[in-house]
1. Based on this model, can you work out whether residue A:45 counts as of a type in the set (A, V, I, L, M, F, W, C), out of contact with any Leu (no Cβ under 9 Å at 6 or more places or on another chain), touching a residue at least 24 places away in the same chain (Cβ under 8 Å) and within 16 Å of ligand 3 (Cβ to nearest atom)?
2. Quick one: which of A:69, A:39, A:32 is surrounded by fewer than 17 Cβ atoms within 10 Å (Cβ to Cβ), assigned to a loop (DSSP other than H, G, I, E, B), within 14 Å of chain B (Cβ to nearest Cβ) and out of contact with any Lys or Arg (no Cβ under 8 Å at 6 or more places or on another chain)?
3. Spot the failing condition for residue A:89; the list is (1) modelled with pLDDT of 95 or more; (2) more than 16 Å from ligand 3 (Cβ to nearest atom); (3) outside any helix (DSSP H, G or I), and only one is missed.
4. For the stretch B:1-47, how many residues meet the condition of being within 11 Å of chain A (Cβ to nearest Cβ), farther than 18 Å from residue B:118 by Cβ and in contact with a helix residue (DSSP H, G or I) (Cβ under 6 Å, 6 or more places away or on another chain)?
5. Just to check your reading of the model, which residue among A:57, A:24 is part of a strand (DSSP E or B), under 16 Å from residue B:39 (Cβ atoms) and either among the small types (Gly, Ala, Ser) or assigned by TED's automatic domain parsing to the domain that holds residue A:73 (or both)?
6. Across the stretch B:154-169, which residue is surrounded by the fewest Cβ atoms within 10 Å (Cβ to Cβ) among those that are within 13 Å of ligand 1 (Cβ to nearest atom) and part of a strand (DSSP E or B)?
7. I'm trying to understand the selection: among the residues of the stretch A:25-42, which are hydrophobic (A, V, I, L, M, F, W, C) and within 16 Å of ligand 3 (Cβ to nearest atom)?
Amino acid sequence: MPRITVNVDGTTYTDEVQPRTLLVQYLREQLGKVGTVVGCDTSNCGACTVHMDGHSVKSCSVLAVQADGHEITTIEGLARDGQLHPMQQSFHDNHALQCGFCTPGMIMQALDLLAENPEPDEQQVREGLEGNLCRCTGYQNIVRAVRDASERMRPGAGPPMEHSEPTSPPRTATEQDRAQVTGGQHS
Amino acid sequence: MIPASFDYIAPTTVEEAMAALDEAGEDAKILAGGQSLLPVLRMRLADPRLVVDLGRVPELRGVRQEGDSLVIGSMTSHHEVLGDPLIREHAKLLALATRTVADPQVRHRGTFGGSLAHADPAGDLPAPALALEADMVIAGSSGRRVVPASEFFVDYFTTALQPNELLVEVRMPHWTGWGAHYEKFNRVAQAWSVVGVAAAVRTEGGAIAEARVGLTNMGPTPVRATGVEQALLGRPATSETIREAARHAAEGTSPTSDASADVDYREHLAEVLTGRALTTAAGA
Ligand SMILES: Cc1cc2nc3c(=O)[nH]c(=O)nc-3n(C[C@H](O)[C@H](O)[C@H](O)COP(=O)(O)OP(=O)(O)OC[C@H]3O[C@@H](n4cnc5c(N)ncnc54)[C@H](O)[C@@H]3O)c2cc1C
Ligand code: FES
Ligand code: FES
């Protein structure tokens, strides 16, 4: 069996996998990272979204062997010292979930969107999340949560209360933003 | 679902890939971005003995200029196509069509070459490749050959590629300064085209000097709407001219009826969407 070395949420793992093992299966069944879920069999729903080298992918549509030598960030790698990531907090505060099944994928895709476009308008949020399906919420609060998170994640944004008015000028994504939104590294 | 078992090899050069393909013959399948192949394997619609992953062959990736040609490596991802300055400047139509493909996650993995090799009649990139007169550079056991897009797409999900051949890169002329637009009609987010129209137009002093129009999902392969192209030549770039020319859009096409649309409706869409695509491309 092929042997792969993958960094997942800051920890490096070396494992033997069958070539047909899907990345999502490896994460859930071999690493026990069940925060990433499977919602469909057709690559449509986005529930399984994780980041591979900083870009969102559907982990049901990537083989574990393809992830050899790469860096994966899952929903389980976002919180720091017991503190939710601002995007997670924003989903919580804005009631952006009901059953919660789509949420891990929604959050990972929302972070990918903000890395490309830190201040998306409503339409841009909807387009950025077009690969993620939600059966419960009707999307309204998800869109709200992502826009709220984009405020909270402005550079220098500390506790949300201190940043209630938008002040910073428009800007483009920097490496630092990307590190922040993908959860950074802690190997 | 989980795919059936297969052996896996990840070569790092085209030669290594060719050797593996030659040895396995029809039992091998090339893996590019996997965004069409993995769903197929998961549903067990295919059952290859060997999967040859091109993901670790650096020479297949990236965009460059070579003489009069723009050269796009087959493993260049949709995401890379969208961010590439050479494509934006010299083949804008391709970038505009790629923007409509699937969703961000699929665009991060899926590749330009994979989309062409897959040859889904509803796929959005074959029609722009045809309209932009792309040439496919194909590697086989007896060397390389070049097949123009007009001969590359043979039938539903069928191209000129033989089982032991590999699409290396796509070459096209520079379309610098041409106006372009891809008009796609679909019913829900992240879906393939019911019908799509790829249009590129060069205007000179308010008149249409040249035009290229490619149609998606108006037959088993992409179709060049030559009737429309000819009707535009030398005519003023106005909505009137375009509306008249667009009437020729469905000529010579052979669309099917399916759950999304009947033949009649597809023919109607071809005309309407051709009008819209040309209007935007020509700035009329
Ligand atoms: C949810 C979803 C929505 C989608 N929506 C759209 C859409 O709206 N429009 C659209 O156009 N596409 C869409 N796609 C398909 C997507 O564009 C794929 O990226 C593309 O069809 C295949 O590219 P790939 O690199 O993933 O190829 P793969 O899946 O790896 O391969 C596809 C086929 O091509 C062969 N192949 C690949 N590369 C080569 C090569 N270099 N030489 C020879 N053979 C090769 C493979 O053997 C396989 O048979 C969608 C896919 C998904 C999952
Ligand atoms: S489980 Fe991966 S897209 Fe649905
Ligand atoms: S909250 Fe239930 S699917 Fe989105």
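1. Working: of a type in the set (A, V, I, L, M, F, W, C): yes; out of contact with any Leu (no Cβ under 9 Å at 6 or more places or on another chain): no; touching a residue at least 24 places away in the same chain (Cβ under 8 Å): yes; within 16 Å of ligand 3 (Cβ to nearest atom): yes.
Answer is no for this residue.
2. Working: A:39 fails: surrounded by fewer than 17 Cβ atoms within 10 Å (Cβ to Cβ); A:32 fails: within 14 Å of chain B (Cβ to nearest Cβ).
Within the list A:69, A:39, A:32, the selection yields A:69.
3. Of (1) modelled with pLDDT of 95 or more; (2) more than 16 Å from ligand 3 (Cβ to nearest atom); (3) outside any helix (DSSP H, G or I), only one is false for residue A:89: (3).
4. Residues that pass the stated criteria total 4.
5. Working: A:24 fails: part of a strand (DSSP E or B).
Result of the check over A:57, A:24: A:57.
6. Taking the candidates together, the pick is B:158.
7. Pass one, the stretch A:25-42, residues hydrophobic (A, V, I, L, M, F, W, C): A:27, A:31, A:34, A:37-38, A:40.
Passing the criteria: A:37, A:38, A:40.
Quick grid of which residues meet (1) of a type in the set (A, V, I, L, M); (2) assigned to a strand (DSSP E or B):
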| position | (1), (2) |
| --- | --- |
| B:171 | no, yes |
| B:189 | yes, no |
| B:192 | no, no |
| B:200 | yes, yes |
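The values are calculated or read from the model by the stated rules, or taken from the named source; none is laboratory data. Quantities reported herein were computed from a predicted structural model and do not represent experimental measurements. Cβ atoms come from the backbone with ideal geometry, glycine included; neighbour counts cover every protein chain shown.
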